[in-house]
Structure formats: structure tokens, C-alpha cells
Amino acid sequence: MKLTRRIALATGMALGLTTALSGAASAQETINMTAIDGYPDRSMWVKEFSGFFIPRVNEELAKSGAYKINWQEAYGGQIVKPRGVLEGIKLGLGDIGIVTTIFHNSALPSQGISAVTPFIAADARVVAKAVDEIAKEFPQMNTELAAENQVYLATGVVLDTYQMFSKTPINSLADLQGQKVAGAGYNLRYLEGIEGAAGVRGGLPNFYNMIQTGVVDAAMLWPEAAKTFKIAEVAPYMLKADLGAVNSKTVTVNADYWAGLPDEVKDVLQAVAVEYRDHVASIAMDRADASLEAYVAGGGTVVEMTADERQAWADSMPNIAVDWAKKLDGAGAPGSDMLVAYIDKLKAAGFEPLRDWAAELN
């Protein structure tokens, strides 16, 4: 009789434990999330989104075990092309993605803050932090994305400083006269003070073919991208002008999708987005020298622009920063205040502007 009771008791305990374990397992909620970008997965920021952002989100969610994300990743045109990420997330074709903001100056004007302030900071980490601080201190960036049915998480990518890559040697501003130069967004305006130079809008995956086929003579991009896309094969000369690091990507989430997420998942996504920002910016800086070495190893030649020529280039440009700020001011946004605050942040980090764009606001 005692033996029977012991067996019954043990059986009951085992059944209770099994039920409890089953209940714990079933308590975990699985959330489907589709991540998109139009750029291929060999692009550094996409590679790190897949290899860093997603595993970190999974790791943080695993701590409580309450939620698990079933990721679907669609890059390189599987769902959208590079210029289509903003609209794709707006329409719910993707839940989360990396918007290339320089393609959307009209819809997301405030995202151009670092692009309209060249010749200040070539450190991607400093620029990334400053842009995100501006986003927190001023509501404009969030407001613009809200109008596109999206929630701002963080500056997704700040690139190593823009340089000029060309088919023929460029040693000075005079050598840029009459040249057709590929770029994206605001950086095309860097050419406006150079006689006969013309900017041609394009996307990074197209720059190789644009140069190879003679559509352009040169392109503005950064060394890591030049290495990844084998630009030395068609543009074997790089003018090291250190035009500046630029925030060109932002991690966003579809607003309708976001509204349905548990708070714990929202918190993790926001925290990891900042980690991703700093991670990618650090990679950009860590790889800068190696990328230049790879460019040279691939047949490229680097020419360093003199301080006088850099100053002459900065002075030749229209004040695109003031133009940008005044346009935002006219739309009821604090463009001038954002510009002043942003440049002050760069100065506080130890960077002296080659041209203080904000000083010309009055």
C-alpha cells in the first residue's frame, strides 16, 4: 500500500512537472518579423544587420524567454530595390528595415544634417552619436518618419568619410572641372562651385557600371564600399579629400506593426539598434585603413588633397547647410536650431569645421 502511494505520488509529481514545463514552453510567444533592404547582403551594413543586429535581439529576448522572433530576411531586391525600402516599410512589405535616407531628401529632409555639413568630421562614430542625439533633442526626424508610417529606431549606418574615385588622376579642384561625378542626394551639391562639374544621381550598386560605361568620370563614395564593390577596377585613382562621414541609413519599423509589439520586444529593438549603430560605425573606422590598402592592392592609386585645396573646395561651395536649415525653418521645423546644435556637438568632440556653416546663418 505504501509502495502504491509512493508510485502514485511520484507519478503525480512527474505529471505536474511535465504540465508545468509544457505550460512554460507554450507561454513563449513567437513573433514573425520580416527584415528588408534593397542592397545585397555583401553590403557591410546589411551583413552586420544579419550577423550582429538579429543575433543580439535574439540573445536579449532569450533572457526572459517570453518572446522569440521568427526572422525572415529579404535583401538585394528580393522584395524592394535600394530606393524602395522607405515605401516598402510604409506599405508593410517589410516590418523592419534599413532606409537609405539620402534617397529621400524631400520626405526625410532632417536626415541630411551631416550631408549638408561637409569638411568637419571624418569620424563615423562621432557623427553617428551626434545625429542620434539630435533626433532625441528635436522631434523633427521622428515626425518625418511618422508621416511615412514608420518608427525611428536609430541612425543605422554612418559611413567612413566620402572620397572621390575617378578614371583619371585628380590632384586638385582644377582637375574636377568639367567632370561628371556620380553621387547620391546632397553630396551632389558639393560640386556646384566647381566650373563645369556635374553631379549625376546614382546608387552604390550602379557606380561600377556608371564609371565603366562612361556615364560618369568619377564617383563619391567611401573606401570600404570601394573595396566591396571593386571600384579600383574601373576607377583606379582616389582623391583623399576627407569630405566627411555621413549618416545615410536609418533603422525603422512599420508603425502599424510596431503598435502590436509587446513592450519588451520594443525595448530590445530600440536598445540593440543603438548597439548596431555604434557597431557599424566602429567597423567603418576600423576598416578605413585596411580598405584603402585593399584599394591600392587592387590597382588603385591614392592622392592626398592638400589643406589649401580642401579649403578652396569648402569655400567654393554654396552654403548648402544654411539652405537646408532655412528650408526646414520655412516649413515650421527647427532647422537652424538643429544645425547649430549639431555643429556644436562636433566641435565639442574635438572637430574644428573647415568652414563653419552655421556661422553664416544670419
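FYI, it's all coordinate maths here, none of it is from the lab. Quantities reported herein were computed from a predicted structural model and do not represent experimental measurements. When we count neighbours, we look across all protein chains shown, and the Cβ atoms used for this are built from the backbone with ideal geometry, even at glycine.
On a 31 Å Cα-Cα criterion, which of the cross-link pairs K180/K347; K47/K327; K180/K327 come out too long?
As for pairs spanning more than 31 Å Cα to Cα, those are K180/K347; K47/K327.
Pop a pseudo-label 7 angstrom from the Cα along the beta-carbon direction at both D256 and V200 and give the gap in nm to one decimal.
Placing both labels 7 Å beyond Cα along the Cβ direction yields 4.0 nm.
Could you give me the ³J(HN,Hα) list for region 246-259, computed from phi with Karplus coefficients 6.51, -1.76, 1.60 and θ = phi - 60°, whole Hz, x at Gly and Pro?
So the J values, rounded to whole Hz, are 9, 7, 10, 9, 9, 7, 10, 10, 4, 5, 5, 5, 4, 4.
How high is the relative contact order of the chain? Use alpha-carbon pairs under 8 Å, at least six apart in sequence, and give a whole percent.
Details: 670 pairs, mean separation 79.4, N = 362.
Normalised by residue count, the contact order of the chain is 22 percent.
Short version: what are the Cα gyration tensor semi-axes of region 170-286, square root of 5 times each eigenvalue, largest first, in whole Å? Present the calculation step by step, with values, prior to reporting the outcome.
On the way: eigenvalues 257, 47, 37 Å².
After diagonalising the Cα gyration tensor, the semi-axes are 36, 15, 14 Å.
Normalising by the residue count of region 231-362, find the relative contact order in percent from Cα pairs under 8 Å and 6+ residues apart.
30
Give me, ordered by chain and number, the residues 5 or more places off Y237 or on other chains with an amide H under 5 Å from its own placed amide H.
S166, T301
Tell me, what ³J(HN,Hα) does each residue in region 49-60 have, in order and in whole Hz, if you take phi through Karplus 6.51 cos²θ - 1.76 cosθ + 1.60 with θ = phi - 60° and put x for Gly and Pro?
So the J values, rounded to whole Hz, are 5, 6, x, 10, 4, 5, x, 5, 4, 4, 5, 5.
Just tell me which aspartates and glutamates come within less than 18 Å, Cα to Cα, of K266; anything on the same chain fewer than 8 places away is out.
E29, E59, E60, D95, D132, D256, E275
Taking just the C-alpha trace of region 252-339, give me its Rg and Dmax in Å.
Every Cα atom of region 252-339 included, Rg and Dmax give 21.0, 55 Å.
Tell me what the chain gives for mean residue ellipticity at 222 nm when only DSSP H runs of n ≥ 4 count, each as -39,500 (n - 2.57), the sum divided by the residue total, rounded to 500 deg cm²/dmol.
Value at 222 nm, helices only, nearest 500: -13500 deg cm²/dmol.
Could you tell me the relative contact order of region 162-281? Use alpha-carbon pairs under 8 Å, at least six residues apart, and round to a whole percent. Walk me through the numbers before you get to the answer.
Details: 154 pairs, mean separation 39.7, N = 120.
This gives 33 percent for region 162-281.
Per residue and in cubic angstrom, what volume does the convex hull of the Cα atoms of region 77-228 have?
123
On average, how much area does the Cα convex hull of the chain cover when viewed from any direction, in nm²?
22.2
For the peptides 251-261, 301-311, what is the packing order when you average, over each peptide's residues, the other Cβ atoms within 10 Å and list the highest mean first? Working shown, then result.
Working: 251-261: 18.9, 301-311: 14.2.
In descending order of packing, they fall as 251-261, 301-311.
So which trypsin sites (Lys or Arg not before Pro) in region 49-113 end up in coil per DSSP with only 14 or fewer other C-beta atoms within 10 Å?
For trypsin sites (Lys or Arg not before Pro) across region 49-113 that sit outside H, G, I, E and B with at most 14 neighbouring Cβ atoms in 10 Å, the list reads K63.
Restrict the search to region 183-240; then list the GluC sites (Glu not before Pro) that DSSP places in a loop and that have at most 16 other Cβ atoms within 10 Å of their Cβ.
E192, E195
Compute a Gaussian network model of the chain, connecting alpha carbons closer than 10 Å, and tell me which residue from Q111, Q212, Q28 fluctuates the most.
Result for the chain, Cα springs under 10 Å: Q28 fluctuates most.
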